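*Asks:* Dropping the structure in here first, questions after.
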Amino acid sequence: MNKLWILIIAILPFFVACSDDDEKEALSNLPDNDMNISVPDGNGEDWYAGMPYQPYPGMPEVSQGVEVNVITVDSAVYGDCILTVLQNDAWPWTLSDEDNANLEQLFFPVHTDIKYHITEDYQNFNPEKQPCDIINIGWCVYGLDEAKTNLKQLENKEKFPTFPLIVMAGGDMSNSFTQEIWDLCIELGGLDYEDDVAPYFGWDPDISLSQEQMPYYYPGNVWAAYITQNLDENDHKEDLIVVGRDDATGNRPGPILCERWICTYGGFDILDVEMSGSRYGSAYVAKIAAEIKRRAPHYTNEDIAQLIFSTAEDLGNPGCDEVYGWGRLNPVAIWNELSNRGY
């Protein structure tokens, strides 16, 4: 019997080593040059917005990344426009000099491993029971009951076996989500201006807003606040990224949303028309999140979110800011950091 235990102890390290090697192999099955996301010939004729995916020089013809599935929930009016952002067929309306110098790393072709699905049903986020790693929500919720119902959809194991990373629009008004407003939201059960706020204060919703009323006019996404403030102990704060506009023209996170807030482009050139809104910015962030997941498939929702937050470009105060959250999304810094980590 003692000899049997000695044999087991002797061969145990071998099995452990094999297990570690298998894990490393599973996480490094991409070609060495997969992190070089610059397209051939830089800014030459081989590069244009919305170009179809093509392998980089020396890359195998069939991409070897782990499949990542993204579901976008929005109406038909916006769905097709959002899809153009996800598929890299839409340019931001305004590009900085730094953006122009890094186009290939900001708007590279979509990898074939990333699958995009659109659903227009706000009451059924995943009617086809598609696999889902990331869900992109482009519209805002203003009632707590609706926020709770929506979250329960994502907790439905039949349709979402693994809870997805939520990338959610922050809203396009011009208000800040303050503690005072969140307290009012809890008291009223929501922040719909016509149904909740105006009746509470005795305001006429049809009369032009005064300076006193303006901060209460759709101040932010209540569903995002419901999650970040862990109301009802829902425990999904680490599964959330809220997206605002980098020009601060839309809603601002205030103290309620700043810990989960990232900024990016607010307007995109879609079919030669400027489409403006944080719903398009959230689609762009969802695309970047999907690329992170593809390269580092073992990353949790919080791993992806923290990589995005930690590499952001400060726009206001260092760190988490009540106007810009963590700052401006910086894909170039993200790819550099992933490369430094071996992905």
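*Asks:* If Arg279 satisfies all but one of (1) part of a helix (DSSP H, G or I); (2) in contact with a Leu (Cβ under 6 Å, 6 or more places away or on another chain); (3) farther than 20 Å from Ile37 by Cβ, what's the number of the condition it fails?
*Replies:* (2)
*Asks:* Please count how many residues of the stretch 258-269 are of a type in the set (A, V, I, L, M) and either assigned to a helix (DSSP H, G or I) or at pLDDT below 95 (or both).
*Replies:* 0
*Asks:* Taking the stretch 294-314, which residues are under 14 Å from Tyr343 (Cα atoms), assigned to a helix (DSSP H, G or I) and either basic (Lys, Arg) or without any contact (Cβ under 8 Å) to a residue 60 or more places away in the chain (or both)?
*Replies:* If the condition is that a residue be under 14 Å from Tyr343 (Cα atoms), assigned to a helix (DSSP H, G or I) and either basic (Lys, Arg) or without any contact (Cβ under 8 Å) to a residue 60 or more places away in the chain (or both), then Arg294, Arg295, Asp303, Leu307 are the ones that fit.
*Asks:* When you scan the stretch 148-160, do you find a residue that is basic (Lys, Arg), surrounded by fewer than 19 Cβ atoms within 10 Å (Cβ to Cβ) and assigned to a helix (DSSP H, G or I), even just one?
*Replies:* Among the residues of the stretch 148-160, at least one is basic (Lys, Arg), surrounded by fewer than 19 Cβ atoms within 10 Å (Cβ to Cβ) and assigned to a helix (DSSP H, G or I), which makes the answer yes.
*Asks:* Taking the options Lys148, Lys129, Lys115, Lys152, name whichever one is of a type outside the set (Phe, Trp, Tyr) and touching a helix residue (DSSP H, G or I) at 6+ places or on another chain (Cβ under 8 Å).
*Replies:* Values: Lys129 fails: touching a helix residue (DSSP H, G or I) at 6+ places or on another chain (Cβ under 8 Å); Lys115 fails: touching a helix residue (DSSP H, G or I) at 6+ places or on another chain (Cβ under 8 Å); Lys152 fails: touching a helix residue (DSSP H, G or I) at 6+ places or on another chain (Cβ under 8 Å).
Matching residue, one of Lys148, Lys129, Lys115, Lys152: Lys148.
Rundown of residues vs (1) over 26 Å from Phe268 (Cα atoms); (2) surrounded by fewer than 21 Cβ atoms within 10 Å (Cβ to Cβ); (3) of a type outside the set (A, V, I, L, M, F, W, C); (4) in contact (Cβ under 8 Å) with a residue 60 or more places away in the chain, yes/no style:
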site	(1), (2), (3), (4)
Asn221	no, no, yes, yes
Asn230	yes, yes, yes, no
Asn234	yes, yes, yes, yes
Arg252	no, no, yes, yes
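*Asks:* Of the numbered conditions (1) crowded, with 24+ Cβ neighbours inside 10 Å; (2) in contact with a helix residue (DSSP H, G or I) (Cβ under 9 Å, 6 or more places away or on another chain), Ser278 satisfies every one except a single condition; which is it?
*Replies:* Checking Ser278 against (1) crowded, with 24+ Cβ neighbours inside 10 Å; (2) in contact with a helix residue (DSSP H, G or I) (Cβ under 9 Å, 6 or more places away or on another chain), the one that fails is (2).
*Asks:* Shifting gears a bit: Condition first: surrounded by 23 or more Cβ atoms within 10 Å (Cβ to Cβ) and assigned to a loop (DSSP other than H, G, I, E, B). Now tell me which residues in the stretch 164-193 satisfy that.
*Replies:* Gly170, Gly171, Phe177, Leu191
*Asks:* Can you tell me which of (1) more than 30 Å from Arg295 (Cα to Cα); (2) of a type in the set (Gly, Ala, Ser); (3) modelled with pLDDT under 90 is the one Ala147 doesn't meet?
*Replies:* (3)
*Asks:* Next up: Being surrounded by fewer than 17 Cβ atoms within 10 Å (Cβ to Cβ), hydrophobic (A, V, I, L, M, F, W, C) and within 20 Å of Asp247 (Cα to Cα) narrows it down to one residue among Leu95, Leu106; which is it? So that I can check it myself, show each step before the final result.
*Replies:* Details: Leu106 fails: surrounded by fewer than 17 Cβ atoms within 10 Å (Cβ to Cβ).
None of the others qualify; the one that does is Leu95.
*Asks:* Which residue pairs have Cβ atoms closer than 6 Å, lie 6 or more positions apart in sequence or on different chains, and pair a first residue in the stretch 143-158 that is under 13 Å from Ala224 (Cβ atoms) with a second residue that is of a type in the set (A, V, I, L, M) and surrounded by 18 or more Cβ atoms within 10 Å (Cβ to Cβ)?
*Replies:* That search, which allows pairs on different chains as well, returns Ala147/Val141; Ala147/Val222.
Residues are listed down the side, and each one gets a yes or a no for (1) touching a strand residue (DSSP E or B) at 6+ places or on another chain (Cβ under 8 Å); (2) within 20 Å of Gly190 (Cα to Cα); (3) β-branched (Val, Ile, Thr); (4) part of a loop (DSSP other than H, G, I, E, B):
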position	(1), (2), (3), (4)
Pro205	no, yes, no, yes
Ser210	no, no, no, yes
Trp223	yes, yes, no, no
Tyr226	no, yes, no, no
Asp232	no, yes, no, no
Ile241	yes, no, yes, no
Gly244	yes, no, no, no
Thr249	no, no, yes, yes
Ile256	no, yes, yes, no
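*Asks:* What's the total number of residues in the stretch 320-343 that are closer than 13 Å to Leu307 by Cα, among the aromatic types (Phe, Trp, Tyr) and either in a helix (DSSP H, G or I) or out of contact with any Ser or Thr (no Cβ under 9 Å at 6 or more places or on another chain) (or both)?
*Replies:* Residues flagged as closer than 13 Å to Leu307 by Cα, among the aromatic types (Phe, Trp, Tyr) and either in a helix (DSSP H, G or I) or out of contact with any Ser or Thr (no Cβ under 9 Å at 6 or more places or on another chain) (or both) within the stretch 320-343 amount to 1.
*Asks:* Filter the stretch 159-203 down to the residues that are farther than 27 Å from Ile71 by Cα and touching a strand residue (DSSP E or B) at 6+ places or on another chain (Cβ under 6 Å) and list them by number.
*Replies:* Hits for the stretch 159-203 are Ser176, Asp196.
The values are calculated or read from the model by the stated rules, or taken from the named source; none is laboratory data. Since the structure is predicted, the reported quantities are computational estimates derived from the model, not experimental observations. All Cβ positions, even for glycine, are placed from backbone atoms using ideal geometry, and neighbour counts span all protein chains on display.
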